[in-house]
Structure formats: structure tokens, C-alpha cells
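Comments concern the structure below.
The values are calculated or read from the model by the stated rules, or taken from the named source; none is laboratory data. None of the values given here were measured: they were computed from a predicted structure. When we count neighbours, we look across all protein chains shown, and the Cβ atoms used for this are built from the backbone with ideal geometry, even at glycine.
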Amino acid sequence: MSSSRRSSFIYRFLPLALLSGILLPAAPARAQHLEKALREGEVAWYTLMAVEDSQKMAQAFEKKYPGLRVKVFRNRETALLPRIIAEKQSGHPVVDVTSLRGIGYHQLWKRNLIQPYVSPESKNYPNGFKDPKGYWADLYDNYYAWSYHTALVKDPPRSYEEVVHSRYRGRIGMDGEEIEWYAGLAEYWGKERTAKFLKNLAAQQIRFRDGHTLIAQLMAAGEFEITLTFAESIEKMKKGGAPVEWVTTASAPPGFRKDLATARRASVRPAGGPGKAQASSDPAGGRGGLRGAS
């Protein structure tokens, strides 16, 4: 990158860094980056994270750094990826920070949009929770769990194998994009056992909806009786008095990893004005950056 091009970027702060307290490089670089970021005034964060959680993180960041506003755009990955790519192609990228699934980052990486950054904190992350070249680091993990409506299901399944019993046919709701879940099963069980299970599951007349939170809510409302969703969603609903429970099983549920990268975008302001930038902080593990449009 030429020196003139480099000067068209400012360093951006990463809201997700609040998870670890790792915010910026050491002074004097930190003070310089803070000054530039304050002139910019806004961070655009594209995320899959639930609105309630992402807003809390954004608010905490804004409290720590008065004058910096976090603009959160939350959507499904199938909507975020095309938007990020289209912004880059238009020459007017908006996104500064992204938190996507590993599959999403692969799509950005193969389009040469991800820029690596290896944090000093990366050494604290075990293998499998960070990219060795610094393209991503784990942000948080959700765990899949079969769940059920306690008032409607008097004989809940107690294992994955019981889920495909004929007595549950037509009573199950699922999200239509369970790629990571499938990958986790294949790694944990092996492909042969996984393929057999999915064949039997397909015969259950699954009722598909979009979004795990929505599916859990619809189950609580009685639209279906059994779902595959995240254990933490069920725990939150239980605390609120919802008639739901998740199935405890001897088989550990495959984890669903949400990875983290940061983005940078090219300046769309007049020459000499502060441009958009590469993030300068990270979530105690690593970060990548979207390269600005050329």
C-alpha cells in the first residue's frame, strides 16, 4: 500500500474488544489512534449477534469512549455477506467491524477481503479458536441443544436417536441453515453415523423457519413442540417463565462457533479528510480487516 493510500485510513476501535479489556496498542500509538478515531466519530458493526447482546456491547464501548458512536447492523449471514461484498465493489464500503461465522469469513478470505492481524493476546487462545495466520479469532460459542415445550411434550426425547422416533413426526421445528451443526456432528460422530441420522431426521417432516431465537419463541408459543436451538436461548426463556426445557444427553452437543474479524473501508470523503480505517483493537485473540475498495 502506498504511503498516500495508507494515510487515507484511520485506525478504528473494535467494540468487541470490551470482552477482554484489550483495546489499543500501547501509547503513544494508542493516543494517536484514539485522536483519529474521535475525528471519525462512528464505527459501523455488522454482526449476527442477537440485538439485545450487541446493543449492550455497543453501549459499553460508547461509555468507555465518549464521542465514538457504534452503529450496529444485525442480520443473517446470508444478508450480511452480499452487502459487504456489494459495498466493496461499489467503492463506498460502510462496514468497519464484522462478526460472522467461519464459513462467512472464508467467503471474504477467498475474495481477498480479509486482512490478518495477530494480537499479542493470541497466545492465550487454544488451537481451533483462532486462525494461526491471524485472519480470525473466536468471539463466543453457542451450543446446540434439542429443546421441547414442557406442557405439550410429556415424553421428551433423551438422545439424538430418540429425536428421529416416529412419535415426533411433524412436531419438530428447525432453522434451514444448520451447516455448522452438520459439520460438528460429522466431526464428532463420523460421516457414516451422521448421514444415517440425517436421513432419518429428514423423514420427520421438519417445519423450517429462519432464526434460532424465533424458532425457540415459536416453540414456546406452541407452534411446534420440539426444536434444535441454542441452549442459552432456552435458559433465558426459562428464567422468564416460558414452558421450555432442553434435552440433557450423554452425547456432548456440537458447538457453534462465532468468529470475529474487523473491516476497513476506503475513504469516501474529499481528499485530505479523514478516511475509513483498519481496526486497531481486538477481542484478545486476533482480527482481520476488510481491505478498502481500490
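Of the listed requirements (1) part of a strand (DSSP E or B); (2) crowded, with 17+ Cβ neighbours inside 10 Å; (3) touching a Gly at 6+ places or on another chain (Cβ under 6 Å), Phe208 misses just one: (2).
Residue-wise test of (1) β-branched (Val, Ile, Thr); (2) at pLDDT 95 or above; (3) in a strand (DSSP E or B).
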{"site": "Arg158", "(1), (2), (3)": "no, no, no"}
{"site": "Glu180", "(1), (2), (3)": "no, no, no"}
{"site": "Tyr188", "(1), (2), (3)": "no, no, no"}
{"site": "Asn200", "(1), (2), (3)": "no, yes, no"}
{"site": "Gln204", "(1), (2), (3)": "no, yes, no"}
{"site": "Ala216", "(1), (2), (3)": "no, no, no"}
{"site": "Met219", "(1), (2), (3)": "no, yes, no"}
{"site": "Thr229", "(1), (2), (3)": "yes, no, yes"}
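Being in contact (Cβ under 8 Å) with a residue 24 or more places away in the chain and touching a Pro at 6+ places or on another chain (Cβ under 9 Å) holds for only one residue in Val95, Val72, and it is Val72.
Among residues of the stretch 24-46 that are over 27 Å from Leu100 (Cβ atoms) and among the small types (Gly, Ala, Ser), those with a Cβ under 9 angstrom from a residue that is at pLDDT below 80 and part of a loop (DSSP other than H, G, I, E, B), sequence gap 6+ or separate chain, pair up as Ala29/Tyr11; Ala29/Ser280; Ala31/Leu24. Taking the conditions (1) farther than 27 Å from Asp210 by Cβ; (2) modelled with pLDDT under 90 in turn, Glu62 satisfies each one other than (2).
With respect to being touching a Phe, Trp or Tyr at 6+ places or on another chain (Cβ under 7 Å), hydroxyl-bearing (Ser, Thr, Tyr), over 30 Å from Leu108 (Cβ atoms) and modelled with pLDDT under 95, Ser280 falls outside the description.
Summed over the stretch 194-211, the residues that are more than 16 Å from Arg167 (Cα to Cα) and in contact (Cβ under 8 Å) with a residue 40 or more places away in the chain give a count of 2. Screening Asn127 against (1) of a type in the set (S, T, N, Q); (2) in contact (Cβ under 8 Å) with a residue 12 or more places away in the chain; (3) not assigned by TED's automatic domain parsing to the domain that holds Thr249 leaves a single unmet condition, (2). Being part of a loop (DSSP other than H, G, I, E, B), at pLDDT below 90, more than 30 Å from Gln204 (Cα to Cα) and within 19 Å of the chain's Cα centre (by Cα) is the requirement here; does Tyr140 meet it? So Tyr140 does not fit the description; no. Among the criteria (1) surrounded by 21 or more Cβ atoms within 10 Å (Cβ to Cβ); (2) in contact with a strand residue (DSSP E or B) (Cβ under 7 Å, 6 or more places away or on another chain); (3) not β-branched (Val, Ile, Thr), the one Gly184 does not fulfil is (1).
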